[in-house]
Amino acid sequence: MQRHAPLKPIWICTACAHPWPCGPARLELAAQYASEPHYLALDMAGLLNEAAEDLTRLNPTSPDPAALHGRFLGWIRHVTGARSPIRSLGHFEC
Ligand SMILES: [Zn+2]
């Protein structure tokens, strides 16, 4: 179970209150999907759609699609393309 989990529908981290997925959440997800990294992208794409719907409903101004894409999917290539996913994620801030 993730310690840094999303608090829906506002999509902040339940542990550190940063926008989810925070740095530690990304590390947890990378470890969780280490043997099946392609499923990480699929699941994160589904969560991106869910978050976009929630945040659009809650905010008077729609969230920036490019920012949401980067937040949910932009970091994954570092996991799937790096020799050491944990090391490559180490520079992410929470
Ligand atoms: Zn967190």
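The values are calculated or read from the model by the stated rules, or taken from the named source; none is laboratory data. Remember, predicted model here, so these are calculated numbers, not experimental data. All Cβ positions, glycine included, derive from the backbone under ideal geometry; neighbour counts span all protein chains shown. Just the protein is used for accessible areas: all its heavy atoms, side chains included, with ligands, DNA and RNA removed. Shrake-Rupley method; radii C 1.70, N 1.55, O 1.52, S 1.80 Å.
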So, first residue closer than 16 Å to ARG3 by Cβ and among the basic types (Lys, Arg) in segment 13-42, second residue open to solvent by less than 40 Å² (accessible area, probe 1.4 Å) and within 16 Å of the ligand (Cβ to nearest atom), Cβ within less than 9 Å, six or more apart or across chains; the pairs are ARG26/HIS4; ARG26/TRP75; ARG26/LEU89
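Results for (1) among the hydrophobic types (A, V, I, L, M, F, W, C); (2) at pLDDT 95 or above; (3) surrounded by 14 or more Cβ atoms within 10 Å (Cβ to Cβ), shown as yes or no for each residue.
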| site | (1), (2), (3) |
| --- | --- |
| TRP20 | yes, yes, yes |
| PRO37 | no, no, yes |
| GLY46 | no, yes, no |
| PRO65 | no, no, no |
| PHE72 | yes, yes, yes |
| SER88 | no, no, yes |
Within segment 25-35, residues within 16 Å of the ligand (Cβ to nearest atom) and open to solvent by 40 Å² or more (accessible area, probe 1.4 Å) come out as LEU27, GLU28, ALA31, GLN32
* Condition check for ALA52: aliphatic (A, V, I, L, M), open to solvent by less than 80 Å² (accessible area, probe 1.4 Å), modelled with pLDDT of 95 or more and more than 16 Å from the ligand (Cβ to nearest atom) -> yes
